[in-house]
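Structure, as structure tokens:
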Protein chains: 4
Amino acid sequence: VDRVISIDEMRLHARRRLPRAVFDAIDGGAGDELTMRDNRDAFRRIRLRPRALADVSQRDVSTTVLGVPISMPLMLAPCGMARMADSGAEISAAKAAVRAGTIFAVSGAASYSLEEVASVGPNALWYQLYLPPNRADAEQLVGAAARANYRVLCVTVDSPVAPKRERDFRNGLTIPLRVSAKMLLAGVSKPGWTRDFLFGRLGRSDEFGFYRSWSGYQRLATTISGFMPVTMDDIHWLRDRWHGKLVVKGVQRGDECRALTDAGVDGLVVSNHGGRNLDGARASIDVLPEVVAAADGRAEVFVDGGIRRGADVLKALALGARACLVGRPYMYGLAAAGESGVDQVLRIFSNEIDNAAALLGCSRIQDLEASFIDVETRTEPLRHSG
Amino acid sequence: VDRVISIDEMRLHARRRLPRAVFDAIDGGAGDELTMRDNRDAFRRIRLRPRALADVSQRDVSTTVLGVPISMPLMLAPCGMARMADSGAEISAAKAAVRAGTIFAVSGAASYSLEEVASVGPNALWYQLYLPPNRADAEQLVGAAARANYRVLCVTVDSPVAPKRERDFRNGLTIPLRVSAKMLLAGVSKPGWTRDFLFGRLGRSDEFGFYRSWSGYQRLATTISGFMPVTMDDIHWLRDRWHGKLVVKGVQRGDECRALTDAGVDGLVVSNHGGRNLDGARASIDVLPEVVAAADGRAEVFVDGGIRRGADVLKALALGARACLVGRPYMYGLAAAGESGVDQVLRIFSNEIDNAAALLGCSRIQDLEASFIDVETRTEPLRHSG
Amino acid sequence: VDRVISIDEMRLHARRRLPRAVFDAIDGGAGDELTMRDNRDAFRRIRLRPRALADVSQRDVSTTVLGVPISMPLMLAPCGMARMADSGAEISAAKAAVRAGTIFAVSGAASYSLEEVASVGPNALWYQLYLPPNRADAEQLVGAAARANYRVLCVTVDSPVAPKRERDFRNGLTIPLRVSAKMLLAGVSKPGWTRDFLFGRLGRSDEFGFYRSWSGYQRLATTISGFMPVTMDDIHWLRDRWHGKLVVKGVQRGDECRALTDAGVDGLVVSNHGGRNLDGARASIDVLPEVVAAADGRAEVFVDGGIRRGADVLKALALGARACLVGRPYMYGLAAAGESGVDQVLRIFSNEIDNAAALLGCSRIQDLEASFIDVETRTEPLRHSG
Amino acid sequence: VDRVISIDEMRLHARRRLPRAVFDAIDGGAGDELTMRDNRDAFRRIRLRPRALADVSQRDVSTTVLGVPISMPLMLAPCGMARMADSGAEISAAKAAVRAGTIFAVSGAASYSLEEVASVGPNALWYQLYLPPNRADAEQLVGAAARANYRVLCVTVDSPVAPKRERDFRNGLTIPLRVSAKMLLAGVSKPGWTRDFLFGRLGRSDEFGFYRSWSGYQRLATTISGFMPVTMDDIHWLRDRWHGKLVVKGVQRGDECRALTDAGVDGLVVSNHGGRNLDGARASIDVLPEVVAAADGRAEVFVDGGIRRGADVLKALALGARACLVGRPYMYGLAAAGESGVDQVLRIFSNEIDNAAALLGCSRIQDLEASFIDVETRTEPLRHSG
């Protein structure tokens, strides 16, 4: 896995190691996967304008995120289902992030408890909250995160209802995974994954039956995943109770930002949930500029969705993002080789960010601004690697 | 069929059950099928701009169409040839529409008589008129529709002559279907369809010979299908005789709308006949905005063509449509599994409309307006599923 | 061949009947064939805006070209090498054109003498001139055309040098065709063509050796095909000597038109020689508007290149063309079935022009104007049928 | 090889003769090869506007570059690794360039010493400098170039660090090539290349071990290839020491040009290193106009990247370039057939430039200006020949 050279190649390794249903649950998106693909194509539509004569012999790609220094402007996004990819799950991802000097955002649907993950090193962690419908439950959850010393609470606001991820439905996926006869059969050809899934370290796990219809799947998914609308009232309620930094994830319009910054939100994540929720939504990098303009310096702006190359990170920064988050890339690493797979993914990004910054003629990533990119020229869409 | 998750999947089921010639007659379009494909691609070029912080815990996707309440902003468009897909034909479609709480528009070229279909429940029905060339015939037909208690008359104005549907010509299709040796042979591999076609409930049926040349086909098609220009004179004549709501279907330019609303037309359907008439015409969703502007609130505006997802319906509403109509989708359902296939198609749409509205942050579909979409960003064209 | 329904289908018939080298000589273009493909794609980028409420029960698609009435706004363009496709060559094409009530432009590189072709019916003929370098030769040629009663002289100005048609070079094509061992071998699988080529009626024919290098091919081609620059001096010289109508073919810029109309030129053909000369040149339909504007009504403007459908003809007329010319389409017909193939091609166009005009809501093609089209909306490029 | 008709065809010959790893090292680019492909697609997006009535019977495609007359506006760009393609390497390329009457730019990473190459004929040579980090080394190198009578020094400024060329890494390529067991095995099927590589004339050669990780590769590549940032200070330093013409290669923004021309730089090469350095950078032809504007006549502007046809050269000249450089095209020629392959590549370009100029209606290439092109119309992207 140390010789894996790109995120796309890591994806192929993950695909080889995982049963189809599990790979699809990580790799897939909602509906026709238009937004999922466009997330990536949109980055490709943006061209770079390198400065040839910059002195880039000394380079610095470190930055700070909400006051916390990180080694590069890239963090690990919250992803549920990590236990499906590898039994190390959030623990492995957190360790790799700490080792690389960056931040890991723990999913509210993590396999390990928030306390277990926090033990890896809370300074480098965000806690991502799916707001429970019941205020008492919410208060308890927020309190637990505070007690575990999480300094950043990240509330996801783009998941009011369960989305339509058709690959999962076709694969008969249950959340969390239950071992069915079909699975066992599939496992025969994927022995590495099967062994780890059956006998690896176990995270917290609930039991669910199969669903046999789409609406059944939705009811179920809603119950277990806490899909729930989050309103401004909820943001105010949270702001009153949470004394650390507050980040709102899932912003896709500039005109909602003012109310959020007025409410004391510290960070905004431009995200369409990796194209996994509303198919047809704009690519996140296409949304970024209007959110940056609306935030007007009163909140740090982050972005996820479609980032597969170091140059993508630089494009986001040139458009005003403070840092990027990636989800699928580290899940591929986790699936391909556990903790060392995540290490390699972070190494690839770190290497590519530094390399692209140098070739772009930018010795400090803070210097990135709009003149480094060209959003007008058109290019062909990506032919996806399959 | 209850597990069919999308319209595209239903299409594949229909293709499996139908003889090629019948499937093509439903699935195909005119000429090079440019407009047919563009109908769909044009929806994909429109992106959604979800509001993250809306309270969508209570949602309402019902609306009214010309004063009649319907459960969702989607109706079944008039389609000829339904008897080819399934012997239940218009009766099955009407029952499914009634059950789903929406409207079915009976084709003027239906297999069952307008009285038979009306017996299902006239409140939920439109009668689509191909205006007979002879005023006496026209008067008789309009009178029959009134006596059968249809409340909406929908006159189609985009079919002055028989179009060039090349798949039909290549397949040697006759309208209505006649059982030829070739058909019987094809039927061997499609026993389900063959049995139903030969022994299923029979709608009204006329006999026609084969055509052996393109111009012969055209003469024939003109005779049987009532292809005929409709002019403003005809609209005035109809308006004088029809005391229910009057809808004109097939509008493709804004500059024709004023005369129609001045003439007392209640509704306009933006339609290029699903790309089945003039190949090269604009995608219907691209035409919608100029018709909405021209109607200026004096008529309700509907649209059909290329709608395969709930999100497509929301895009149309955000651009000013009152509701959408779908043709091929329910024909696929009818072909795949008769009445229950249409039920499932309506369930899919209802589910997707509700789901997309929630994810879009829109709790009442009446609130949809232009800020929910972005028509500028470009995406790649659809690769059709074959 | 009477059942062939489209030009694309006729092309497949031609491909089946011809040896590869001959088919390629007709079907191919210069360089990477970018312009050849774009000629067609550009028509597809133009959308139609049908009027729904026009009375099209009576339709008239006839027009006049330089004062001569023709049955439809489509003529047969001058094509060299017709003898390769079928021994009837120009005689067959001329007869078919006369029968269809339209005009055939005889190539200056025709297989039959201009007198032989003229005997078919000079009113329906143009003579296309490749201007000989020598004034005496030119004078003789112009005189011969006048004596043969041609009423329109069409001088081609886009062929100053031999172009780079790579398929021809790769196929070892000689002009005119010489029977080589390789050809005889290829002929075994194409007996219909071989018999006609060897024993069919013979047109005028010169003998040339094979060429073995690209520059040798060019020298040869220049010699035989009269590739030669044509300047304004030549146009003035011709205008002084030719007392019929004078047409200049190969205009690709508006800023050259004023000098031509001032010089008394009666017609301008916007053409890039079907993408067979300068690869990379604009699609001819993209050039048309600026030439129409520059001609300013002082000359009739025609266009060729990429026209495969009746709707393409209507698009050209809506942009200001008086009529269109087609080359490959009738060459396909000629290759597929000789004279009756050309008949069928003309029937297809006539039928499609009438059909599309009706569906477009245009009862007289003279009424076509810019509001019938939309040049802005983008569509996907054509996937060529191979 | 004399019958090879296009650069694309020469590429196929090269692919046939070279081991995969060597071919990829020449043919490939950085990252996802987006910029590499876009270099070529961007030329295709530019259309030509031929003048039909120009007198092109006498044509002159010669020009001067920094005062030196050349037979056509095309030069050979500096390429490292030429010894991998053929043992004749820079000597063969230089001889072919001299024979064709144009200029060859010797790579700073050439296999032969700068003195050996200079012996071919210094008037027709540029020396391309990778600036050594150490001033003493730099001074020595510049002095050697001067003593060898190079009249133009071309300093490359787009290679501050080793780029990420993934094909090379996957192929386990070492620079320079070392014969491994795998290579020997690959050589069995490529005997022509293997014989030449093992027993052909040997250029200067250093020994390196294999690299086993990406960062190892980078360290190595940096050491051997002299990847190093070049700043304005370096340019001033060079300008003071070099008394010939000074060219800066790798400019990709207009706003860097003023400082360069103020510093006395004589020529600017717009280049993204053939898409081999920063993937995502703009196509070089898309950058050209802003550099031409910024140079404002104070320096000659050249361009490389994506030039495969004579018409591409004319497009660049119409946009203000003085001449073009090509890299891969002559490397393909060298790989396919050594010196005579380069001869043929230059013949192809010369022929195509003359041919396209004639068809464009431009008898002197100095007359090319913006009216000969159209950059607005869009075309489909190239489908690469594999």
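When only the Cβ of Lys, Arg, Asp and Glu is charged (+1, +1, -1, -1), the dipole of the protein assembly as shown relative to its Cα centre reaches about 4220 debye.
Please label the shape of the protein assembly as shown as rounded, prolate or oblate, based on the square roots a ≥ b ≥ c of the eigenvalues of the alpha-carbon gyration tensor (a/c under 1.5 means rounded; beyond that, a/b larger than b/c means prolate, else oblate). Taking the square roots of the gyration eigenvalues as a ≥ b ≥ c, the protein assembly as shown is oblate.
Summarising the overall dimensions of segment C:80-120 from its C-alpha atoms, the Rg and Dmax are 9.3, 25 angstrom.
Given B:Ile285, C:Pro132, B:His236, which one lies farthest toward the positive end of the charge dipole of the protein assembly as shown, if we put +1 on the Cβ of every Lys and Arg and -1 on the Cβ of every Asp and Glu? Value: C:Pro132. Model label sites at B:Ser189 and A:Glu115, defined 7 Å from Cα along the beta-carbon direction, differ in position by 6.5 nm.
Each eigenvalue of the Cα gyration tensor of segment A:1-94, multiplied by 5 and square-rooted, gives one semi-axis; in descending order these are 30, 20, 15 Å.
Ligands, DNA and RNA left out, the 1.4 Å accessible surface of segment A:227-376 is 44% carbon and sulfur atoms. For the pair segment D:45-75 / segment B:3-24, the C-alpha centres are spaced 58 Å from each other. The calculated FRET efficiency for the pair C:Arg298 and C:Ser340, based on their C-beta separation and a Förster distance of 51 Å, comes to about 0.80. Modelled this way, with points 7 Å down the Cα-to-C-beta line, the labels at B:Trp237 and A:Asn134 are 7.0 nm from one another. Long hydrophobic helices in chain A: the complete DSSP H runs spanning 27 Å or more by Cα along their own axis with mean Kyte-Doolittle hydropathy of at least 0.0 are A:328-360. One Cα centroid belongs to segment D:228-294, the other to segment D:94-136; the line between them spans 19 Å. Per-residue extension of 0.36 nm, minus the Cα-Cα distance of A:Arg3 and A:Gln58, leaves a gain of 17.2 nm for this segment. Peptide A:27-33 has a mean shielding of 3, counted as Cβ atoms of other protein chains within 10 Å of each residue's Cβ. Across the copies of the chain, B:Ala259 has label points (7 Å from Cα along Cα→Cβ) spaced 4.7, 4.7, 6.6 nm apart, shortest distance listed first. Greater than 23 Å separation of Cα atoms is the criterion. Which listed pairs, A:Lys164/B:Lys315; C:Lys164/C:Lys249; D:Lys164/D:Lys245; B:Lys164/C:Lys315; B:Lys164/B:Lys249; A:Lys164/A:Lys249, meet it? Check vs 23 Å cut-off fails for D:Lys164/D:Lys245. Shape index of segment B:115-174: Rg/Rh, with Rg the Cα radius of gyration and Rh the Kirkwood radius from the inverse mean 1/r over Cα pairs, equals 1.10.
Partners of D:Lys190 within straight-line reach, counting lysines whose Cα lies under 17 Å from its Cα and excluding those fewer than 8 residues away in the same chain: D:Lys182.
Put a plus charge on the Cβ of each Lys and Arg, a minus charge on the Cβ of each Asp and Glu, and nothing anywhere else: the dipole of segment D:21-75 about its Cα centre is then about 440 debye. Largest accessible area first, the residues D:Ser107, A:Ser363, B:Ser189 order themselves as B:Ser189, A:Ser363, D:Ser107 under a 1.4 Å probe with ligands, DNA and RNA left out. The other copies place their A:Glu369 label points at 3.6, 3.6, 5.2 nm from this one, listed shortest first, where each point is 7 Å from Cα along Cα→Cβ.
Sorted from nearest, the other copies put their A:Asn149 label points 7.5, 7.5, 10.6 nm away, the label point being 7 Å from Cα in the direction of Cβ. Projecting the Cα atoms of A:Ala100, A:Val269, A:Ala145 onto the charge dipole of chain A, computed from C-beta unit charges around the Cα centre, puts A:Ala100 farthest toward the positive end. Computed from the Cα positions only, the extents of chain A along the three principal axes stand at 62, 48, 38 Å, in decreasing order.
Considering only B:Ala118, A:Val375, D:Met84, the residue lying farthest towards the positive end of the dipole of the protein assembly as shown is D:Met84, judged by Cα position with unit charges set on Cβ. DSSP beta bridges fully contained in segment A:227-386 are about 0 percent antiparallel. Binning every alpha carbon pair distance of segment D:252-324 at 5 Å from zero, what are the percents per bin? Per 5 Å bin, starting at 0, the Cα pair percentages come out as 3, 19, 29, 24, 17, 7, 1.
Once the convex hull of all Cα atoms in segment B:293-354 is built, its volume per residue stands at 80 Å³. Stretched out straight at 0.36 nm per residue, the stretch from D:Phe199 to D:Ala146 would grow longer than its current Cα-Cα span by 15.8 nm.
The charge dipole of chain C, taken about the Cα centre with unit charges on the Cβ atoms of Lys, Arg (+1) and Asp, Glu (-1), comes to about 1080 debye, rounded to the nearest 20. GNM remark for chain C: springs join alpha carbons under 10 Å apart, and the peak mean-square fluctuation among C:Ser87, C:Ser62, C:Ser284 falls on C:Ser62. Using the Cα gyration tensor of segment D:241-386, with a ≥ b ≥ c the square roots of its eigenvalues, what is the shape: rounded (a/c below 1.5), prolate (a/b larger than b/c) or oblate (neither)? Judged from the Cα gyration tensor, segment D:241-386 comes out rounded (a/c under 1.5). Suppose we keep just the DSSP beta bridges with both residues in the protein assembly as shown; what percent of those would be antiparallel, to 5? Around 15 percent antiparallel, to the nearest 5.
The values are calculated or read from the model by the stated rules, or taken from the named source; none is laboratory data. Values in this document were obtained by computation on a predicted structure and should not be read as measured data. Please note: Cβ atoms are built from the backbone with ideal geometry, for glycine as well, and neighbour counts cover all protein chains shown. Only protein heavy atoms, including side chains, enter the accessible area calculation; ligands, DNA and RNA are left aside. Shrake-Rupley method; radii C 1.70, N 1.55, O 1.52, S 1.80 Å.
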